[in-house]
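Remarks on the structure that follows.
The values are calculated or read from the model by the stated rules, or taken from the named source; none is laboratory data. Being a predicted model, the structure only gives us computed values, none of them experimental. Every residue, glycine as well, gets a Cβ built from its backbone with ideal geometry; the counts of neighbours run over all protein chains shown.
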Amino acid sequence: MRLKSFAFLTLIIFMSIFSIGGCNNNSQTGQAIPEEILEIINDEFYSNATWSLKVVDLDTGELIYQLNPEIVAFTGSVRKLFSAGLVLNELGPDFRFKTPVYRTATVDSDGVLDGNLILVASGDLTLGGRNTEEGTIAFTNFDHVDANPLGSAILTPQDPLTGIDELAQQVADSGIKVVNGDVVIDDRLFDQFVVPNDKRLISPIVINDNLIDVTIIPTIPGEPAMVTWRPESAAFNIEADVVTVAEGEKEDVKLSSAEPTCIGFQGCIGKVQGQIPVGFKPDLLGVETLVQTFKIDNPTAYARTVFIEALQRAGVTVNTNLIGQNPKQKLPTEASYTPQTLVAEFVSLPFSETTKLVLKVSHNYGANLNLILFGVSQGVKTVQYALEVERETLIKDFGINGNSFNFPTNGSGSPDSQASPDAIIQLLTEMRGLEVFEPYFVSFPILGVDGSLATVGKNPPPEPPNPIIAQAYGEVFAKTGTTAKSVDQEIFLVAQNFAGYIDSKSGRRLAYVVMVNNVGIITDINDILRVFNDQGEVSALIFKEN
């Protein structure tokens, strides 16, 4: 089975330690769990799975339902709720990243800089590459950050080099015409680290999510397919050999390596090969074209090249090699950065917009940035120390029992992250009491509307949506989390979870968590969709009954 055809999968996982099947109608405390919910979780499909559930009324504190609330289970991307909440509370929703460019020498009367330009990376996730005219950060329900595992994506229309181009234009506007030095990326904000999910290198410099988007469109049988990519740069080129085949034939497009190791060296090329049939559409609701991505494994070298190219487009001559490693040895002391040597600065949209992007589309890179940025705000620069201060904050400031969660390895989206419903509800409850709750709340995917919940319960037109789920469209605000692993060329679904808030039918604001671990081997994408829809039904039934 092709792994990329499975929606919402994280492909590097640990097995769940739990194997408790089904449940009865004894919720121990709180109300009895409705029979309609019990029918779902007691279905034979989940005979080896462990379900856990907790629902509370945020206004009264009433415990409504609970099932195995103390079980520490694999969270999947529900983990992101913790790091996103902490960094939003620390930085504030109105915080804006500032990415400056400094010169290391004076500029003469002819506009010649006999020195270097230093672009200081700020940890800005989008660097203007998703900015809309309305002052928001654009995203799609099938975002390019998951194009390879999902099988495709919908690209945002914005130019991913917007921020880089604006910085270059500001440099030109400052009077610099010639740079007789080098261009250097200062990435000292934090120590870069590699995360388990997709082995991504997390860096403070991010351009287009440090991805190269490749779009493949069929033409006519026997002719080459149309292959385009963005951003276009001498740092990385594409060599395409994709042929168009007759309608109904198999789509089989492969990238030579999703993680090229040649960035920063001359002649760095990624190969796209295979075939695509006439009329091909990915098996994702609303996705019209095939999109795949290459990872940028050397973000500083890539950013250096695209910044030099942007300077050239702005009319600035840069007398240095266009392609090469980032010359970090040329960085000045940070104390040398003064208002007098500042020549450009890109200011981001409010941080609330970044939070929305991370949670709506389950943005792994952004979630990992959130974790390390929280660490930086607490005076640490390594992910190990960031995890320590995060844990301390969750225990001391949020009142979460330290035995109820375990975030043991690099990053905020690690596949071995675990938490109990008790821990997640405590987080959701504490966030409700903070000044940043509203921007946190509006960042959750909305059932039937956007993000990872946009298509839950929906069928291809003209089929109507699932009537049970449809009644709660627009009223369920939940982060999804999926964890899976490959076992002997089969897919084992370790965890699928929803966690967030429900505005119930009677007008109550509820915090809720529904988790299922150890589902077992899944045969095709319909099994994944079934679990999503089952948890969508559970969410909708909680909405209806309260």
Log entry, pairs with first residue in the range 216-237 being within 25 Å of residue 295 (Cβ to Cβ), second being of a type in the set (Asp, Glu), beta carbons closer than 7 Å, six or more apart or on different chains, reads 229/213; 230/213; 233/309; 234/309
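For the range 454-469, which positions are on the phi < 0 side of the Ramachandran plot and in contact (Cβ under 8 Å) with a residue 40 or more places away in the chain? Even if it seems obvious, please write down each step before you answer.
Keep residues of the range 454-469 that are on the phi < 0 side of the Ramachandran plot, which gives 454-456, 458-469.
Within the range 454-469, 454, 455, 456, 458, 460, 466, 468, 469 meet the criteria.
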Looking only at the range 167-178, count how many residues are buried (at least 20 other Cβ atoms within 10 Å of the Cβ) and not in a loop (DSSP other than H, G, I, E, B). 3
Quick check on this structure: which one of 469, 446 is within 18 Å of residue 532 (Cβ to Cβ), out of contact with any strand residue (DSSP E or B) (no Cβ under 7 Å at 6 or more places or on another chain) and in the same structural domain as residue 389 (by TED's automatic domain parsing)? 469
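Report yes if residue 336 is hydroxyl-bearing (Ser, Thr, Tyr) and within 20 Å of the chain's Cα centre (by Cα), otherwise no.
Working: hydroxyl-bearing (Ser, Thr, Tyr): yes; within 20 Å of the chain's Cα centre (by Cα): no.
For residue 336, the condition - hydroxyl-bearing (Ser, Thr, Tyr) and within 20 Å of the chain's Cα centre (by Cα) - is not met.
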Give the range 151-166 a look and list any residue that's under 17 Å from the mean Cα position of the chain (by Cα), surrounded by fewer than 23 Cβ atoms within 10 Å (Cβ to Cβ) and in contact (Cβ under 8 Å) with a residue 60 or more places away in the chain, or say none. 154, 155
Among the residues of the range 334-349, how many are of a type outside the set (Asp, Glu) and surrounded by fewer than 18 Cβ atoms within 10 Å (Cβ to Cβ)? 9
Under 7 Å between Cβ atoms, which residue pairs at least 6 apart in sequence (or on different chains) link something in the range 348-363 that is among the small types (Gly, Ala, Ser) with a partner that is in a helix (DSSP H, G or I) and crowded, with 24+ Cβ neighbours inside 10 Å? 362/77; 362/80; 362/452
Could you say which residue among 257, 233, 203 is at pLDDT below 95 and either closer than 26 Å to residue 305 by Cα or not basic (Lys, Arg) (or both)? 257
Hey, does the range 374-397 have a residue that's over 19 Å from residue 503 (Cβ atoms), in contact with a Ser or Thr (Cβ under 9 Å, 6 or more places away or on another chain) and not in a helix (DSSP H, G or I)? yes
Going by what's in this entry, would residue 536 be described as part of a helix (DSSP H, G or I), in contact with a Gly (Cβ under 9 Å, 6 or more places away or on another chain), buried (at least 22 other Cβ atoms within 10 Å of the Cβ) and in contact (Cβ under 8 Å) with a residue 24 or more places away in the chain? yes
Scan the range 426-433 and tell me whether some residue there is in contact with a Phe, Trp or Tyr (Cβ under 9 Å, 6 or more places away or on another chain), in a helix (DSSP H, G or I), basic (Lys, Arg) and surrounded by 17 or more Cβ atoms within 10 Å (Cβ to Cβ). no
Checked against (1) at pLDDT 95 or above; (2) in contact with a strand residue (DSSP E or B) (Cβ under 7 Å, 6 or more places away or on another chain); (3) surrounded by fewer than 23 Cβ atoms within 10 Å (Cβ to Cβ); (4) of a type outside the set (Gly, Ala, Ser), residue 297 satisfies every condition except (1)
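Residues to consider are 366, 402, 451; find the one that is touching a residue at least 12 places away in the same chain (Cβ under 8 Å) and on the phi < 0 side of the Ramachandran plot. Outline the logic, then answer.
Values: 402 fails: touching a residue at least 12 places away in the same chain (Cβ under 8 Å); 451 fails: on the phi < 0 side of the Ramachandran plot.
Just a single option satisfies the conditions, and that option is 366.
Could you look through the range 312-333, keep only residues that are within 34 Å of the chain's Cα centre (by Cα) and outside any loop (DSSP other than H, G, I, E, B), and pick out the one that is surrounded by the fewest Cβ atoms within 10 Å (Cβ to Cβ)? Working first, answer last.
In the first step, residues of the range 312-333 are kept if they are within 34 Å of the chain's Cα centre (by Cα); the result is 312-314, 321-333.
When the remaining residues are screened for being outside any loop (DSSP other than H, G, I, E, B), the result is 312-313, 328-330.
Numbers: 312: 13, 313: 14, 328: 12, 329: 6, 330: 15.
This residue is 329.
Restricting attention to the range 334-372, which residues are among the charged types (D, E, K, R) and assigned to a helix (DSSP H, G or I)?
Scanning the range 334-372 gives 334, 353, 356, 360.
Being touching a residue at least 60 places away in the same chain (Cβ under 8 Å) and surrounded by fewer than 17 Cβ atoms within 10 Å (Cβ to Cβ) is the filter; apply it to the range 96-141 and report the residue that is nearest to residue 164 (Cα to Cα). Explain how you work it out, then say what you get.
So in the range 96-141, the residues touching a residue at least 60 places away in the same chain (Cβ under 8 Å) come out as 96-105, 107, 110-131, 135-137, 139-141.
With surrounded by fewer than 17 Cβ atoms within 10 Å (Cβ to Cβ) added as a condition, the list becomes 96, 98, 105, 110-111, 114, 135-136.
On the way: 96: 17, 98: 13, 105: 22, 110: 24, 111: 21, 114: 22, 135: 18, 136: 18 Å.
Top of the filtered list is 98.
Which of the residues spanning the range 179-218 are among the aromatic types (Phe, Trp, Tyr) and either surrounded by fewer than 19 Cβ atoms within 10 Å (Cβ to Cβ) or outside the structural domain of residue 240 (by TED's automatic domain parsing) (or both)? Break it down stepwise before answering.
The initial filter retains those residues of the range 179-218 that are among the aromatic types (Phe, Trp, Tyr), namely 190, 193.
Selection gives 193 alone.
Considering the range 232-290 alone, what residues qualify as being of a type in the set (Val, Ile, Thr), farther than 25 Å from residue 156 by Cα and assigned to a strand (DSSP E or B)? Before you say what the answer is, go through the steps one by one.
Restricting attention to the range 232-290, the residues satisfying the condition of being of a type in the set (Val, Ile, Thr) are 238, 242-245, 253, 261, 263, 269, 272, 276, 278, 287, 289.
Now drop any that are not farther than 25 Å from residue 156 by Cα, which leaves 243-245, 261.
Matches in the range 232-290: 243, 244, 245.
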